[in-house]
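Let me begin by presenting the structure, written as structure tokens, before commenting on it.
The values are calculated or read from the model by the stated rules, or taken from the named source; none is laboratory data. As the structure is a prediction and not an experimental result, all values here were calculated from the model. Counting neighbours? That spans all protein chains shown, and the Cβs are built from the backbone with ideal geometry, glycine included. Areas reflect the complete protein model, heavy atoms only, side chains present, ligands, DNA and RNA absent. Shrake-Rupley method; radii C 1.70, N 1.55, O 1.52, S 1.80 Å.
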Amino acid sequence: MKQTASPETIDAFVETLRRDGVTDPRVLDVMARTPRENFVEPHFAARAYDNLPLPIACAQTISQPSVVGLMTQELDLTTRSKVLEVGAGSGYQTAILAGLSRRVYALERHRTLADQATSRLRALGIENVILTHGDGSDGWPMHAPFDRIMVAAAAEDPPRALLDQLRVGGIMILPVGDEGDEQQLIKVTRTEDGFNYDELIPVRFVPLLDGSV
Ligand code: SAH
């Protein structure tokens, strides 16, 4: 992976992330090394290190960097984690997850985005990702259970299939709530007896939609 932005740009980026609560040095390190400009539309390249969500193809958005950082931090990944990502979008979050875990299984319902994300990850030499075009609301039973699950689109409630595919001791981070209304980022921890739910921060994500296009 090659970071082409200037050291000053990256230092300022990391400082912004830190100020917004991203304090895990492993997360900051991988975000500093990942060239976000590769994951935005070319005409937004100059804004790639602003702490902003930006439009991507298919009327979707690349998430705000500080939100990517906070979600990743809450996932508490180890190099042994097997991760499911639902809603890969640009592939930026996928690249960050891949840098901190053993393997990432990623699903994206827009074929155009799935294809773009796959070639971006390949161009960066990221090899521990299996990214496929498909509906992630049902998870990916063939590869379950997962140690960690990250969802980048909001559902009203945590989808049952995703809860079922989370390993005991596992963590899932997802936004819940209606589009337009206030959404909350939720951390679900699976225990021997059930699930614990913690509310993290208010967020705004695109909706989790059924079917693939
Ligand atoms: N973290 C990504 C976020 C992309 S936006 C990034 O920073 O680029 C969320 C993505 O979820 C969109 O690309 C949308 O197409 C996708 N999505 C929504 N519902 C989905 C579903 N059921 N299965 C898979 N992807 C879904």
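I'd like to check one number: the per residue accessible area of the chain, probe 1.4 Å, reported in Å² as a whole number.
Per-residue value: 46 Å².
From the helices alone, meaning DSSP H stretches of at least four residues, give me the mean residue ellipticity at 222 nm for the chain, per-run term -39500 (n - 2.57), in deg cm²/dmol to the nearest 500.
So the helix-based figure for the chain works out to -8500 deg cm²/dmol.
To the nearest 10 degrees, how steep is helix 111-123 against the longest Cα principal axis of the chain, on a 0 to 90 scale?
The two axes meet at around 60 degrees.
5 Å is the cut-off here: which amide hydrogens, built 1.01 Å from N in the peptide plane, fall below it relative to Val206, excluding neighbours closer than 5 in sequence?
Ala154
For the chain, report the translational diffusion coefficient in µm²/s to the nearest whole number, using Stokes-Einstein at 37 °C, 0.692 mPa s, and a Kirkwood Rh over Cα pairs.
D = 193 µm²/s.
Can you classify the range 1-109 as rounded, prolate or oblate using the Cα gyration tensor, where a ≥ b ≥ c are the square roots of its eigenvalues, rounded means a/c under 1.5, and otherwise it's prolate if a/b beats b/c and oblate if not?
oblate
R0 = 30 Å: FRET efficiency of Leu52 with His143, Cβ-based, nearest 0.05?
Efficiency, rounded to the nearest 0.05: 0.35.
Hey, what angle do you get for helix 7-19 against the long axis of the chain, alpha-carbon based, 0 to 90 degrees rounded to 10?
40 degrees
Using DSSP to define loop residues, name the GluC sites (Glu not before Pro) in the range 107-190 whose beta-carbon has at most 16 other beta-carbon atoms within 10 Å.
Listed in order of number, the matching sites are Glu127, Glu156, Glu179, Glu182.
Over the range 25-94, with every protein chain in place, what whole percent of the accessible area is carbon and sulfur at 1.4 Å, could you tell me?
Its accessible area is 55 percent carbon and sulfur atoms.
So, in nm, how far is label Ala161 from label Met1 when the simple model puts each one 7 Å beyond its Cα toward the Cβ?
Taking the simple label geometry, Ala161 and Met1 are separated by 2.9 nm.
Would you work out the relative contact order for the range 52-203, in percent, from Cα pairs under 8 angstrom that are 6 or more residues apart?
Computed value for the range 52-203: 18 percent relative contact order.
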